[in-house]
1. Scan (1) surrounded by 17 or more Cβ atoms within 10 Å (Cβ to Cβ); (2) modelled with pLDDT of 95 or more; (3) assigned to a helix (DSSP H, G or I) for the single condition VAL7 breaks and write down its number.
2. Yes or no: segment 364-373 includes at least one residue that is β-branched (Val, Ile, Thr), within 25 Å of ALA52 (Cα to Cα), in contact with a helix residue (DSSP H, G or I) (Cβ under 7 Å, 6 or more places away or on another chain) and in a helix (DSSP H, G or I).
3. What are the residues in segment 46-71 that are outside any strand (DSSP E or B), surrounded by fewer than 22 Cβ atoms within 10 Å (Cβ to Cβ) and touching a Pro at 6+ places or on another chain (Cβ under 7 Å), if any?
4. For segment 93-106, check the following and say yes or no: at least one residue is in contact (Cβ under 8 Å) with a residue 40 or more places away in the chain, in a helix (DSSP H, G or I) and either in contact with a Cys (Cβ under 9 Å, 6 or more places away or on another chain) or farther than 18 Å from ALA16 by Cα (or both).
5. Check GLY166 against each of (1) over 26 Å from ALA351 (Cα atoms); (2) buried (at least 21 other Cβ atoms within 10 Å of the Cβ); (3) more than 21 Å from the chain's Cα centre (by Cα) and name the one condition it does not meet.
6. Quick one: GLY134 ticks every box in (1) buried (at least 18 other Cβ atoms within 10 Å of the Cβ); (2) within 30 Å of ALA377 (Cα to Cα) bar one, so which box is it?
7. Which condition breaks for ASP242 when tested against (1) in a strand (DSSP E or B); (2) touching a helix residue (DSSP H, G or I) at 6+ places or on another chain (Cβ under 9 Å); (3) surrounded by fewer than 16 Cβ atoms within 10 Å (Cβ to Cβ)?
8. If I go through segment 320-365 residue by residue, how many of them are touching a strand residue (DSSP E or B) at 6+ places or on another chain (Cβ under 9 Å), surrounded by 16 or more Cβ atoms within 10 Å (Cβ to Cβ), over 26 Å from ARG219 (Cα atoms) and not aliphatic (A, V, I, L, M)?
Amino acid sequence: MSRTFLVVGAGISGLATAVALQRRGHHVTVLEERVDATSGTAITIWPNALAALDRIGLGDAVRDSGGRVSAGAMRWSDGTWLRRPAPERIIAALGEPLVVVRRAVLTRILADALAEGTVESGVAARELVVTATGVRVTTSDGGFREVAAVIGADGIGSMVARHLNGTLRRTYAGYTAWRGVAEYALDPDLAGETVGVGTEFGHVPLGANHTYWFGTERRPEGDTSPGGELAHLRTKYDGWADPVPAVLAATDPADVLRNDLYDREPARQWSRGAVVLVGDAAHPMRPHLGQGGCQGLEDAATLAQCVDVADDLAGAFARYAELRRPRALALTRESRLFGRIVNARPALLGAAAMRASAAIPEAILRRHLASVAGRAAFVLSSDRSGHPSG
């Protein structure tokens, strides 16, 4: 039975959910408050999220759009190897390489899979009122929409999450993150992370001639670098082993983003009646596992499948929350813990912990990595009686 859905937010989770539902014959409208929603640099799509995209029907399009990582190295800032894995380590552990793609490209792939006119930009959802037949949504243009259900994909500050839970407190994590893209051909054997005292620097190939990178540092909330963010990073990481200085030297200042990192109080309710949350609106997480957007893609595929097999939307949404909540919240906690270790005070304590991690047997690390990001990990969040299917 075809139903009418309103998705609030045109980020990765919102667009993917819209595609998954629309391809099942439902009528979907996506409201996006921003006129240009293509913010960000790049994103890592792990095999668990590629499996979810396969269910939606877009896995191969994403695989063809970016660079691939099959090793996953870790070194100390002086170039000493903490973990020098076999070249095909990620394929062996996770089932296939992870894909690194520009966020704008991923967004375009998702948006292009929607029917023309599905996304309405410059319009925000202001208020939700549950009615006898669905949900009445008041919009910023003075109008309203009557729909069967609302899907909140409106990020960490989600209005839909507040509708379900009331105010959800946000707290500063204590450190900031930089992300950028360099015109630099990265040696595939060095794809991974370089770590030091109180900081980490990730670098992965974004196609043949570009590298996506990120770095973190404990800084006061709202702080800025007087000489510019890229200049600060070039000074901070000067003297580190390549590829870090070389990657930063090949970066344009316009291609650098800085964001303070926040934790948000967990949403007590992911769904109620004909209203449900996906992505960061449900489970915002720190970036250390690379699973924020990936978990949103798992949400999209799982929610669409639950809608397919349930008799009513309230039941479908409740089942989706039951399936997805344990896995997403476990990864949220793990990502937060990893961030606290890297950015611990005193900084030498975190550095010692990072060095000690090199002693973890590779077999144990592979098993854990597979449980987080392997193709089969997506099955863990779905109905054990069968795969979600696209």
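1. VAL7 satisfies every listed condition except (3).
2. Checked against the condition, which is being β-branched (Val, Ile, Thr), within 25 Å of ALA52 (Cα to Cα), in contact with a helix residue (DSSP H, G or I) (Cβ under 7 Å, 6 or more places away or on another chain) and in a helix (DSSP H, G or I), segment 364-373 yields at least one hit.
3. If the condition is that a residue be outside any strand (DSSP E or B), surrounded by fewer than 22 Cβ atoms within 10 Å (Cβ to Cβ) and touching a Pro at 6+ places or on another chain (Cβ under 7 Å), then SER70, ALA71 are the ones that fit.
4. Yes, segment 93-106 contains at least one residue that is in contact (Cβ under 8 Å) with a residue 40 or more places away in the chain, in a helix (DSSP H, G or I) and either in contact with a Cys (Cβ under 9 Å, 6 or more places away or on another chain) or farther than 18 Å from ALA16 by Cα (or both).
5. Condition (2) is where GLY166 drops out.
6. Answer for GLY134: the failing condition is (2).
7. (1)
8. Counting residues in segment 320-365 that are touching a strand residue (DSSP E or B) at 6+ places or on another chain (Cβ under 9 Å), surrounded by 16 or more Cβ atoms within 10 Å (Cβ to Cβ), over 26 Å from ARG219 (Cα atoms) and not aliphatic (A, V, I, L, M) gives 1.
The values are calculated or read from the model by the stated rules, or taken from the named source; none is laboratory data. Everything quoted here is computed from the prediction, not taken from an experiment. Positions of Cβ are backbone-derived with ideal geometry, glycine not excepted, and every protein chain shown enters the neighbour counts.
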